[in-house]
1. Do we have ASN26 as modelled with pLDDT under 95 and part of a loop (DSSP other than H, G, I, E, B) here?
2. Could you list all residues from the range 1-23 that are in a helix (DSSP H, G or I) and either within 20 Å of the chain's Cα centre (by Cα) or of a type in the set (Ser, Thr, Tyr) (or both)?
3. Could we say that GLU20 is exposed (fewer than 11 other Cβ atoms within 10 Å of the Cβ), at pLDDT 90 or above and not hydrophobic (A, V, I, L, M, F, W, C) here?
4. So for the range 55-69 (the condition being surrounded by 10 or more Cβ atoms within 10 Å (Cβ to Cβ), under 21 Å from the mean Cα position of the chain (by Cα) and not in a helix (DSSP H, G or I)), does at least one residue qualify?
Amino acid sequence: MSRQAINHLLIQLEALGYLERRVSANNGRPLIYLTERGRELMETIYASLRELQEQWADKVGRKRFRDFMDVLRTLSADERQVEAEGVRLHGLEKRPRGQRGQHRTRAKTHAL
């Protein structure tokens, strides 16, 4: 997500009353804080997510759901690691701006 897109999103969330920007007393940089309305929204979202996860766990079984969540956490951590290294999944290298659409694949090696 570009900085411009993030800033646009922040402006919208601020206009809706979900967050506010304050200048840091330490370094003068703007910091973002949830408002009371934003905290209430987050509580609602997390409560809904917990309820949905409970329903899924009831449907497929607690152990199976816990295993599923462990797999998702592993994949998410792998994705963050790959992005931190500047490489995308599926063997595609991250390309500098201006080279979008030009695919360069990396050679993959697999241990036997």
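The values are calculated or read from the model by the stated rules, or taken from the named source; none is laboratory data. As the structure is a computational prediction, the values presented were derived from the model and not from experiment. Cβ sites come from the backbone with ideal geometry, for glycine too, and all protein chains shown count toward neighbours.
1. So ASN26 fits the description; yes.
2. The answer is ARG3, GLN4, ALA5, ILE6, ASN7, HIS8, LEU9, LEU10, ILE11, GLN12, LEU13, GLU14.
3. So GLU20 does not fit the description; no.
4. So far as the range 55-69 goes, no, none of its residues is surrounded by 10 or more Cβ atoms within 10 Å (Cβ to Cβ), under 21 Å from the mean Cα position of the chain (by Cα) and not in a helix (DSSP H, G or I).
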